[in-house]
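Have a look at the structure below, then the notes.
Derivation of every value follows stated rules applied to the coordinates shown; laboratory data play no part. This one's a predicted model, so the numbers in the text were calculated from it and none came from an experiment. Cβ placement follows ideal geometry from the backbone for every residue including glycine, while neighbour counts extend to all protein chains displayed.
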Amino acid sequence: MKPAPFEYFAPESVEEALDLLEQHGDTAKILAGGQSLGPLLNMRLASPEVLIDINRLEDIAYIRHDDGYLKIGALARQRTIERSLLIPKSWPLLYEAAPYIGHPTLRNRGTICGSLAHADPAAELPAIATALDAELHILGPEGERSARPEEFFESYMTTSLKPEELLAEVRFPPPRPRTGVAWLEVARRHGDFALVGVAAVLTLREDGTCEAARLVYTGVAPVPYDAREAAELLAGEQPDGESFDAAAEKAAELSEPGSDVHASAAYRRHLIRVLSRRALGKALERARGEGDGSP
Ligand SMILES: Cc1cc2nc3c(=O)[nH]c(=O)nc-3n(C[C@H](O)[C@H](O)[C@H](O)COP(=O)(O)OP(=O)(O)OC[C@H]3O[C@@H](n4cnc5c(N)ncnc54)[C@H](O)[C@@H]3O)c2cc1C
């Protein structure tokens with residue numbers, strides 16, 4: 001199939017893009033990498049009257065280190081995560097997960113902010129933004145606002161973005177000392193959307209006990225599943241097989257995954273248990289500086 005007819009604009013500045021968004025409101029769609037919007041248009045699952053192509057806005061294609069934060073502009077491609085010298089050391093969770101996003105050709109075009117704005121519940125980046133407490137910076141007619149991931153991701157492919165707003169930047173806070181992270185997922189084939197994926201973040205105290213932990217999953221809920229109750233079981237504990245089993249069990253117990261053609265709810269729960277234990281084990285090694293520390 002081919003898309004329904006639409007009017008096409010290619011603004012030369014962010015201001016022009018925002019003016020167009022304000023003029024056309026919910027009849028318009030931003031075109032970033034087009035890796036999700038393209039198929040939706042072709043299948044006529046989306047039929048916007050207006051497309052606002054932001055691909056000429058090179059000044060928002062940045063990934064930079066600023067004030068301790070990693071700042072990623074709206075047009076930065078997913079592939080740049082793998083090529084950036086900045087990311088592997090300080091934000092290894094992003095670096096470890098990036099190769100699981102589809103295939104290299106797709107990541108050459110797909111943007112980081114586009115994936116967040118699209119909010120597919122099986123996508124990697126929304127779960128990672130949640131696990132790392134990213135800040136989402138949004139521009140619109142009323143100026144700038146920022147949202148935390150739990151405010152931004154509202155439901156299945158639905159965010160708090162208003163039709164006239166642009167997700168302009170995502171900011172990842174500085175890494176905390178003695179923190180280890182791990183991303184693990186299971187997909188039927190490499191490059192497919194994950195059946196279940198998990199981001200584990202583990203911060204140790206100087207005495208080696210656990211100061212804080214996060215477990216955030218993709219593929220098991222309409223928005224990233226942030227298993228806070230499970231992760232909180234680890235706080236103050238000796239991080240070991242026993243405490244990891246308890247957290248993994250709790251995360252599975254409190255999850256509400258669905259069944260579909262790809263996997264049953266029971267299988268997804270099983271994956272939550274297995275992947276959580278393994279991811280916590282890896283995160284622990286990295287928090288202790290064991291191995292080469294690389295993802
Ligand atoms: C075969 C295939 C396999 C894939 N596998 C995976 C996978 O394993 N994991 C994964 O995470 N993703 C996967 N994807 C999706 C891919 O990562 C997309 O690149 C991503 O979801 C959207 O980014 P984009 O820049 O292409 O956005 P687009 O497709 O251009 O836009 C997607 C949506 O977001 C909106 N949007 C985009 N940018 C902004 C912005 N800055 N502000 C406001 N709204 C905006 C658009 O209007 C549109 O509604 C796959 C896609 C395909 C086709």
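Brief remarks follow.
- Measuring r between the beta carbons of THR209 and ASN108 and using R0 = 41 Å, the FRET efficiency lands at 0.40.
- Reduced Cα scattering model of the stretch 58-172, Debye log10 I(q)/I(0), q = 0.09, 0.21, 0.23 Å⁻¹: -0.21, -1.22, -1.48
- In order along the stretch 66-73, the Karplus-derived 3J(HN,Hα) couplings, from 6.51 cos²θ - 1.76 cosθ + 1.60 at θ = phi - 60°, round to 8, 6, x, 8, 9, 10, 10, x Hz, and Gly and Pro are given as x.
- Evaluated with a Cβ-only charge set (Lys, Arg +1; Asp, Glu -1), the chain carries a dipole of roughly 1160 debye about its Cα centre, given to the nearest 20.
- Computed [θ] at 222 nm, helices only, for the chain once each DSSP H run of length n ≥ 4 contributes -39500 (n - 2.57): -9000 deg cm²/dmol
- Other residues lying with their Cβ under 13 Å from the Cβ of GLY110 contribute a combined charge of +1, Lys and Arg counting +1, Asp and Glu -1.
- Proximal charge balance of ALA10 [Cβ under 12 Å; K/R count +1, D/E count -1]: -3
- Between helix 14-24 and the chain: long-axis angle, C-alpha atoms, 0 to 90°, nearest 10: 70
- When the Cα convex hull of the chain is projected onto planes of every orientation, the mean area is 15.2 nm².
- Shape of the stretch 143-268, Cα gyration tensor, a/c cut at 1.5: oblate
- Each part reduced to its alpha carbon centroid, the stretch 217-235 and the stretch 236-261 end up 8 Å apart.
- Note on the chain: Lys pairs 8 or more places apart or on different chains, Cα atoms under 20 Å apart, count 5.
- Relative contact order of the chain, taken over Cα pairs closer than 8 Å and 6 or more residues apart, is 15 percent.
- DSSP-defined antiparallel bridges as percent of all bridges, the chain, nearest 5: 85
- Degrees separating the helix 241-254 axis from the principal Cα axis of the chain, which is the longest one: 40
- At most 14 other Cβ within 10 Å, DSSP loop - GluC sites (Glu not before Pro), the stretch 1-99: GLU12, GLU49
- Cα point-scatterer Debye curve for the stretch 7-53, base-10 log of I(q)/I(0) at q = 0.17 Å⁻¹: -0.45
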